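Read-outs: derived from the displayed coordinates by stated rules, not from any lab. All of these numbers come straight from a predicted model, not from anything done at the bench. Positions of Cβ are backbone-derived with ideal geometry, glycine not excepted, and every protein chain shown enters the neighbour counts.
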Amino acid sequence: MRLPAELSFLEDVLQAPKLKYSKADWLLSDFQDPIWVYNFNYKKNKKLNWGVKLDDGSSLLSPQHADLLQGFKHWLIIATSAKRGTGSLTNAVKTQASAFNQVIRFIDYFLHNSSAYYLSKTGLAAITGDDLKLILDKIAANAITNESLFNWSQKLTDYLIKLANSTDQSRLYDLLNANPSLEIITPEQEDEGLLDICLSDVPLVRAAIMHHELYESRSRGLVPNSILLSKEIYKNTVRLKSEAKRSFKILEVPREVSGQREFGMVPCSTREEKSEMSSTHFRYFKENLYSLGELHALNIPAPPVDSLMEIYNYQPSVNKLGRYRTLPSDLVFLAVKNAIEFHIEYGNEILNSYLSVARYCIRSGGTATRLEHEKIVELVTPSLRELGVKRLGLTTRSPGTQPTDSRRLAHKEHFNALRSNQGLVELVTVYYGAVQTVVGALMARRQGELCDLIAGNCLDESKEWLLFQNRKSTSGAFGLRQTEARPIEPIAVEMIETIEHFQSNLITLGALEKHTNLFAVPPMSGEIRLSYSGQCTHHRNFDAFCDYFETPLSAAGQRYYIRQHQLRRFFAMLFFYSSSFGGLETLQWMLARISHSHPASLADWAGGRHGRPVAALIA
């Protein structure tokens, strides 16, 4: 019976549930089609191919799996429909797309783990409350669902190691001989530490990726094609197999290598830090998983109601994040001493020499990399000539070399040349590392706060306070970070002003438009400009400083390479060891910690014999 026009708004309410959840504005195909075409205001339509295999080798499209297939399809439409009321799509398209993406994640998770859930025999009906809680535990532990649900990094590692082992080894070594860049591992790549592949095996793994044509060329170099790899690793999924995923630096072959370390790095963290999912996003995931229960109203097998009720108020336990390891205190004291002496003796000389080269290039209309080594020696200050400067940089291009020519010295030769002061660009990098060491140890700022500092705008008028944007604060409706001030030592002020003066001179020369990030350093390529001041640049400066001054090695032959958060820990330990001023509140203020839940972690920072005074302060 057809309703009169004035009651037409009731049609959605009165129609059968299966019919109601068999259509959606975003679904451009018939509900029963084996390949769905859908669009959430995308530029192009997208497709879902339901023809995947289950654990028994049969297709999801087979008649015996009709309930399972119908359940998956209805679930997607249920999640994107208004939760209550008319059932029409009254929620925003963006909200629908988000719900769709979350549910398709769950569907692919069940399909990828088909054998564990016996999907081919029992469908969704045998999924227990413990199964659902385990899924929520995974979701909550990591904001990246490709990791939390699908273990992308470990699956990729296992696949690539197996691929390398099953490929003709002679072919791989031929590729290594023909492509030396496959064997270069930069500090940034080594720092990443996200894949469980031994550094010694990385070249062979890269060669295997190249042999099987799984690389794609990008502006930064060769990058593994994650879609091609996903088609092999996640074959039996609906959408996961065709999605691009995060790339891992250790597998990339960069076009330009920006730095290297002399030794392996002493691990600076107790474990890899990962970003947990926000409570808001977790709630949406839980709601969409819970919506499986609506399949019961459609007479389609689904997890038992009791199992679904178990997750209604479930709050998962989340693993704690790792912490940075503490540097030996004598190492930090010596590093600060070396940094200050280096600044006093050579700081201005190094930056003035770079400015001399920049001035000559700008006035002559040439580039620094086209200058002969003899010209570079002529342009630097007399004290740097005496110190040993012989060229623009150890890895910069020089006249007569081709773009494809290797510009890197042998490993041992490179670091001997670094410490004998042959490269001007390397000396600039070491100097920036020295400034980072002193400012970092004395100010105990977060790395991001230091990277955000702007030359000419990070000291107050009295030159006694450092001005910075607190990375752990927001202000107002737009989430702006709070500008805060902390007292700063005169030697740190002197170093900062040296860099500010350097940038001012670059502006005068026309090499820089305006003052930029304080720790924006000239690039290793030798171009007359300043590179972006980010985490990688900050780490590279520290690495150059530590190799130049040869910080100690561990028993395992690894070098202690400084990281800013370790200097921040050092500040806290020194504070409690000296006990010369203030209490816990003073330390919290210096560290710019906003939350009152941090005292326990401050105690963790100190540890050992320093834990007692911390505990006393907390008590």
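Here are the numbers for this structure:
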| read-out | value |
| --- | --- |
| Packing-based exposure ordering (other Cβ within 10 Å, fewest first) of TYR548, TYR118 | TYR118, TYR548 |
| Sites TYR173 and ARG419 - FRET efficiency at Förster radius 30 Å, r taken between beta-carbons, to 0.05 | 0.35 |
| Pairwise FRET efficiency - ASN236 versus THR508, Cβ, R0 = 51 Å, nearest 0.05 | 0.20 |
| Distance-filtered residues of region 415-438 - backbone nitrogen under 18 Å, label point 7 angstrom along LYS337 Cα→Cβ | 434-435, 437-438 |
| FRET efficiency, 1/(1 + (r/R0)^6) with R0 30 Å, evaluated for GLU216 and ALA410 via beta carbons | 0.45 |
| In nm, spacing of pseudo-spin labels at GLU287 and ILE491 (7 Å Cα→C-beta vector) | 5.6 |
| LEU228 paired with LYS94, simple spin-label distance in nm, labels 7 Å along Cα-to-beta-carbon | 3.6 |
| Histogram of C-alpha separations across region 329-565, 10 Å bin width, % | 7, 31, 35, 19, 6, 1 |
| Full-extension gain in nm, ALA143 to HIS501, via 0.36 nm per residue minus C-alpha separation | 124.6 nm |
| Inter-probe distance in nm under a simple model that places probes 7 Å from Cα toward Cβ, at LYS121 and ARG255 | 5.5 |
| Over 13 Å [Cα-Cα, region 19-71], rounded percent | 63 |
| Net charge contributed by nearby residues that have their C-beta within less than 12 Å of ILE344 (K/R +1, D/E -1) | -3 |
| Extension gain, ALA555 back to PHE31 (0.36 nm per residue minus Cα-Cα distance, nm) | 182.2 nm |
| Packing-based order for 372-382, 495-505, using average beta carbon neighbours within 10 Å, highest first | 495-505, 372-382 |
| Where a label projected 7 Å from the Cα of THR381 along Cα→Cβ would reach, residues of region 491-520 with amide N under 13 Å | 498-499, 502 |
| Residues of region 364-383 with amide N under 20 Å of the 7 Å Cα→Cβ point at ARG529 | 364-371 |
